[in-house]
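The values are calculated or read from the model by the stated rules, or taken from the named source; none is laboratory data. Since the model is a prediction, treat every value here as computed from it, not as a measurement. With ideal geometry, Cβ positions are generated from the backbone for all residues, glycine too; neighbour counts draw on all protein chains shown. Only protein heavy atoms, including side chains, enter the accessible area calculation; ligands, DNA and RNA are left aside. Shrake-Rupley method; radii C 1.70, N 1.55, O 1.52, S 1.80 Å.
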Amino acid sequence: MSTAQQVPDILSPEFAADPYPAYRVMRETAPLIWHEATKSYIVSRYEDVERVFKDKAGEFTTDNYAWQLEPVHGKTILQLSGREHAVRRALVAPAFRGSDLERKFLPVIERNSRELIDGFRHTGSADLVADYATRFPVNVIADMLGLDKADHPRFHRWYTAVIAFLGNLSGDAEVTAAGERTRMEFAEYMLPIIRERRENPGDDLLSVLCAAEVDGVRMSDEDVKAFCSLLLAAGGETTDKAIAGIFANLLRHPDQLAAVRADRSLIPRAFAETLRFTPPVHMIMRQSATEVELSGGTVPAGATVTCLIGAANRDERRYADPDRFDVFRDDLTTTTAFSAAADHLAFALGRHFCVGALLAKAEVEIGVGQLLDAMPDLRLADGFEPAEQGVFTRGPQSLSVRFTPVQD
């Protein structure tokens, strides 16, 4: 067992600036660390994080979400287990896969992407984060739910506060208060809309959630509200950072950008490799149900375990040359990259695998394709170097680019 003194601290400015060297030290010399400030055990090797997520032996729970998520979302599907979780997931999952996704929501995705690109396609310059990535997934989710996109600034403020709450590893009181305030504001906004949608259902996702029934079980207004809150935060923040990350990575590797431009079937590979190389979510917590042996020592029962996705996804025991971005790597399976059989860890694994993974894939394929069409000679603005920010979630804060506008 190692202590945090032997490796760069996850709360330090040095770690926030560039966590990847610290991740390497952790994997090599301190694969299990007791971190006093967060009162958690930190695991960094692929095999350990994979074991925690898959949890085939019932060793880990999501009980930690009672304090980590519930104060901002209410009780969500992530906290449930066993039959209760299976039924609740069966209520929401159909909307995010197969014919429902294709028939109902691909047109929504295409329209929202095009509308945003129309705002800058003739200018020859853009900030792909501010002008596109931070707006696109939230607009899509609002549209899917049948909410007013004019409320976008509110949605963005809410999900930013929620993500800050989740990543509040240092326990900042103002961040905590803002997160808890968001739960109240979101409930005041959503509950009347949910009640109205039960009375007058449409063909939007919110109406589907209100009407969904499995084995005689339906979701309460509070259940629906909590799921919508989770969807806005998880679906907004992660897809935002994934799209920004894909372009930051490709712009740093012009040969790979050219390959993806020439062959759009490579977009899922670029997405999967970005999820491995620069995942939007760097940490996910679980709670140990029993005493567990992991690399480097023993985790006692009832402990919080911080799984470092950003470290595990660059484990040299799992990936060849892991610090190289390579859409052509042969040790990452694209066909399973957006399913619970994924061999990267960015969507978690097991029964709590991200329910929105296929929605994210559809958004990325459509959005990246449309952006490449609109910007045929896309390049970074002169002197601009993308910089990631964040510890719990991480991605480029801005991405200034130049291009020659396509003539109509």
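Things worth noting here:
- The residues listed here are T182, T176, T239; of these, the one that is of a type in the set (S, T, Y), open to solvent by less than 50 Å² (accessible area, probe 1.4 Å), part of a helix (DSSP H, G or I) and under 21 Å from Y132 (Cα atoms) is T239.
- Boolean, L169 is part of a helix (DSSP H, G or I) and out of contact with any Phe, Trp or Tyr (no Cβ under 6 Å at 6 or more places or on another chain): no
- Any hit, region 356-363, residues being under 23 Å from the mean Cα position of the chain (by Cα) and open to solvent by 30 Å² or more (accessible area, probe 1.4 Å): yes
- Pick from region 89-120, criterion over 22 Å from H156 (Cβ atoms) and modelled with pLDDT of 80 or more, ranking: surrounded by the most Cβ atoms within 10 Å (Cβ to Cβ): L106
- Top-ranked residue in region 34-48 [being in contact (Cβ under 8 Å) with a residue 60 or more places away in the chain and not in a loop (DSSP other than H, G, I, E, B); ranked as most open to solvent (accessible area, probe 1.4 Å)]: E47
- Scanning region 291-321 for residues being surrounded by fewer than 19 Cβ atoms within 10 Å (Cβ to Cβ) and under 16 Å from F347 (Cβ atoms) gives a total of 0.
- Breaking point among (1) in contact with a Lys or Arg (Cβ under 9 Å, 6 or more places away or on another chain); (2) without any contact (Cβ under 8 Å) to a residue 24 or more places away in the chain; (3) hydroxyl-bearing (S, T, Y), for S229: (2)
- Residue in region 373-390 that is over 30 Å from G124 (Cβ atoms) and under 18 Å from the mean Cα position of the chain (by Cα) present: no
- Taking region 393-408 as the range and being within 20 Å of the chain's Cα centre (by Cα) and either surrounded by fewer than 19 Cβ atoms within 10 Å (Cβ to Cβ) or within 20 Å of P254 (Cα to Cα) (or both) as the test, the residues that pass are G395, P396, Q397, S398, L399.
- Candidates in region 194-210 are the residues that are assigned to a helix (DSSP H, G or I) and open to solvent by less than 60 Å² (accessible area, probe 1.4 Å); of these, the one that is nearest to V140 (Cα to Cα) is L205.
- When region 262-290 is filtered for residues that are closer than 14 Å to R51 by Cβ, more than 20 Å from the chain's Cα centre (by Cα) and open to solvent by 10 Å² or more (accessible area, probe 1.4 Å), the ones remaining, listed by number, are A289, T290.
- Residue in region 329-344 that is in contact with a strand residue (DSSP E or B) (Cβ under 9 Å, 6 or more places away or on another chain) and crowded, with 21+ Cβ neighbours inside 10 Å present: no
- Verdict on S125 being modelled with pLDDT of 65 or more and either out of contact with any Gly (no Cβ under 7 Å at 6 or more places or on another chain) or at positive phi (or both): yes
- On the stretch given as region 243-271, residues that are in contact with a Ser or Thr (Cβ under 6 Å, 6 or more places away or on another chain) and either within 18 Å of C354 (Cβ to Cβ) or of a type in the set (G, A, S) (or both) total 3.
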